[in-house]
1. Give just the number: which of (1) in contact with a strand residue (DSSP E or B) (Cβ under 9 Å, 6 or more places away or on another chain); (2) at negative phi does residue A:211 not satisfy?
2. Residue A:143 passes all but one of (1) in contact (Cβ under 8 Å) with a residue 40 or more places away in the chain; (2) in contact with a helix residue (DSSP H, G or I) (Cβ under 9 Å, 6 or more places away or on another chain); (3) surrounded by fewer than 17 Cβ atoms within 10 Å (Cβ to Cβ); which number fails?
3. Does region A:61-69 include one or more residues that are out of contact with any helix residue (DSSP H, G or I) (no Cβ under 8 Å at 6 or more places or on another chain) and either part of a loop (DSSP other than H, G, I, E, B) or modelled with pLDDT under 95 (or both)?
4. Restricting to region A:146-174, and then to whatever is closer than 30 Å to residue A:100 by Cα and surrounded by fewer than 20 Cβ atoms within 10 Å (Cβ to Cβ), can you tell me which residue is farthest from the other protein chains (Cβ to nearest Cβ)?
5. Residue B:155: within 14 Å of chain A (Cβ to nearest Cβ) and in contact with a helix residue (DSSP H, G or I) (Cβ under 9 Å, 6 or more places away or on another chain), yes or no?
6. Examine region B:180-202 for a residue that is out of contact with any helix residue (DSSP H, G or I) (no Cβ under 7 Å at 6 or more places or on another chain), free of Cβ contacts under 8 Å to residues at least 24 places away in the same chain and more than 14 Å from chain A (Cβ to nearest Cβ), and state whether such a residue exists.
7. Being part of a helix (DSSP H, G or I) and surrounded by 17 or more Cβ atoms within 10 Å (Cβ to Cβ) is the filter here; which residues of region B:88-101 pass it?
8. Which residues, counting only those in region A:107-127, are within 14 Å of another protein chain (Cβ to nearest Cβ), more than 16 Å from residue A:322 (Cα to Cα) and part of a loop (DSSP other than H, G, I, E, B)?
């Protein structure tokens, strides 16, 4: 076998994907605080424990299956999608649901029609909308920054020993809370501010910068996955181009009402979604043309949900909707076998 | 087969072997929509059982006079008149529950479980067995509604028998037991997706229990 056609085992693919999350995870810990690290630990251990238990119940080999690292990857992805100071039991509910219901009840790795990590995330998002949108402002503008001990106390008890709760860490210098740039701009646009006015606010800019670097870090991890040929270029590229194109068209139509395309490309879960979530080999489309359609549709839906929908970010919903469509897309883009009749 | 044995068998069919919700998978629309709490489930279950028994008995009585070609419209009209009765009765005696169940009371007409029993059983059997069949099928349906409603209530808002006074009067207000104090409801269980997954798990549980060696 030559260098470019080495067969990779599932565990190699999954483990490489886990490693590629490291830059993004570090950036997120840096800008969002220690809570992210604690979430990573809680989610990874829950996902692995849930997988072990359900495999035992299904009488499948536990150790061999756990070594494919797919449960670990699901746990890590959920953790990176969660707000940093989410109560611990919510993270546990999300991860167990993802592994037990969304993955193993459908037959385990390779049989799940939906991306398990996104099912777990959406379950939490629709069940606990307030906690699930309680993101922290960037450290540079935050009034208080939670230390590691305080983060642990907040996640496990809801209060620090000095009596502070999660909301007191969401305040910025002037006493207002700050959500993610996407959430913030959506609210501001609804109150009649123009896109340029929102972008001109200093606090908004500092917050946006944090998310910009987080997205850059995920982009680096994603590009290295692409160079290592763990993922194909089709889905991430078509997804990002589609986001860029749709948001540019909207800005051209009216630059006051819609956010500029760079903001949409480098905030929220765009890069994490494009490289790590939409590219899930099980639930994504598998044909060449199919992957392009799949990625582009996710990008389009992300912009539509972010701009016109009720939720601040739309990556999870867009991915799940296209997961449903993936088998149909594959059916209509199946390459014709050479010599066979056209249909 | 003696009559008692036949009745016993009908009950076993209705509640377990051929359960409307868990085996025939009929009447799922109201089942999924109103099982937010145990009491809501019980309320709709009783209403459905009443209609089922009424339509089964009536169809069985007049079965010799129904022209085969137009039997479905006749069944539907009979069922609709019983549903109207139920609706007026609930409006009069359990007004709050009537408001909660809302459109799903008139929609009992479209519950295929009822027309299914009229077509498959009542139009071929005498009054006695038809009455027992309606009662058994209704009981089976009510039980599933109650279990699913109870589960969703417990997971979603941490209570059991919330709103018991809607059916059993003011004395029942204290029946509600709180298992955990929810600051915020677990909305997934309260919303329709929770009903879909809850019903799926109940069916899985039944199949697992039946296939157990």
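1. It is condition (1) that residue A:211 fails.
2. Residue A:143 satisfies all of (1) in contact (Cβ under 8 Å) with a residue 40 or more places away in the chain; (2) in contact with a helix residue (DSSP H, G or I) (Cβ under 9 Å, 6 or more places away or on another chain); (3) surrounded by fewer than 17 Cβ atoms within 10 Å (Cβ to Cβ) except (1).
3. Within region A:61-69, one or more residues are out of contact with any helix residue (DSSP H, G or I) (no Cβ under 8 Å at 6 or more places or on another chain) and either part of a loop (DSSP other than H, G, I, E, B) or modelled with pLDDT under 95 (or both).
4. Top of the filtered list is A:152.
5. So residue B:155 passes the test.
6. No, every residue in region B:180-202 fails to be out of contact with any helix residue (DSSP H, G or I) (no Cβ under 7 Å at 6 or more places or on another chain), free of Cβ contacts under 8 Å to residues at least 24 places away in the same chain and more than 14 Å from chain A (Cβ to nearest Cβ).
7. The answer is B:90, B:97, B:98, B:100, B:101.
8. Result: A:107, single match.
The values are calculated or read from the model by the stated rules, or taken from the named source; none is laboratory data. The structure displayed is predicted, hence computed values, not measured ones. Positions of Cβ are backbone-derived with ideal geometry, glycine not excepted, and every protein chain shown enters the neighbour counts.
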